[in-house]
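Reading through the structure tokens given below for one structure.
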Ligand SMILES: [Zn+2]
């Protein structure tokens, strides 16, 4: 599942491949986009989980991969690994097809100005790029969310801060000893700060490429603490890890009932959040 750091890497890769290239062809859901086909790529950037491809002529493509989207590159004429009807977007340049399969959203922004600003203003600062002050994140969380919001939903809310996906959500909650269903209004400002500082650290340490790593101990016991490890012993306390579908979107959450119980969560004291 693509998270903020993945999109960041993708933007860097696509930028290297497409910058200043004039597209030979562009198709959205099988339909040709003749205007873009003659246009030159000005820049490829990311904000949170959104990828933007800006064209010299003023148009932009906004791509959100969602849970199932992926980009592939194929030399022109080579057989694709997925069926063509799954291709949401195909950009052809310099003898290559850049194919985006199963994207959640692709939008053409005709003027690189107003509509794009509308869209990105709703996204919070990008943890892997903007180094936001925790106070500003706390302000956004308080403005946007009810104190009853569970931490699983807080961390995934891209309006507070963008970049945290479902894997980091579980990992961050584990590292900060937080019970996933703890409410925003029941954590201290220190715990709030610790959650976002840890998320930022993990996202930044994963910008370089390779598999997503949250655990660096060289003991052969894995590179993630809890994600994908349901039924296995907690690497901190030995309790069997669980997976539950939590939060308003019932997203898979991995956690340790031993060291992430409500009682052991640091900063459990109530504040006026
Ligand atoms: Zn544990």
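Annotations for the structure displayed:
- The listed residues are 245, 201, and the only one of them that is without any contact (Cβ under 8 Å) to a residue 12 or more places away in the chain and assigned to a helix (DSSP H, G or I) turns out to be 201.
- The single residue among 208, 220 that is exposed (fewer than 14 other Cβ atoms within 10 Å of the Cβ) and in contact with a helix residue (DSSP H, G or I) (Cβ under 9 Å, 6 or more places away or on another chain) turns out to be 208.
- Search result, residues across region 235-261 that are farther than 14 Å from residue 180 by Cβ and near the ligand (Cβ under 8 Å from one of its atoms): 235, 236, 237, 238, 239
- Within region 2-20, tally of residues that are outside any helix (DSSP H, G or I) and surrounded by 15 or more Cβ atoms within 10 Å (Cβ to Cβ): 2
- Residues that are surrounded by fewer than 15 Cβ atoms within 10 Å (Cβ to Cβ), modelled with pLDDT under 95 and over 15 Å from residue 184 (Cα atoms), drawn from region 246-260: 249, 250
The values are calculated or read from the model by the stated rules, or taken from the named source; none is laboratory data. Because the structure is a prediction, the values reported are computed rather than measured. Because the Cβ atoms are built from the backbone with ideal geometry, glycine has one as well, and the counts that use them run over all protein chains shown.
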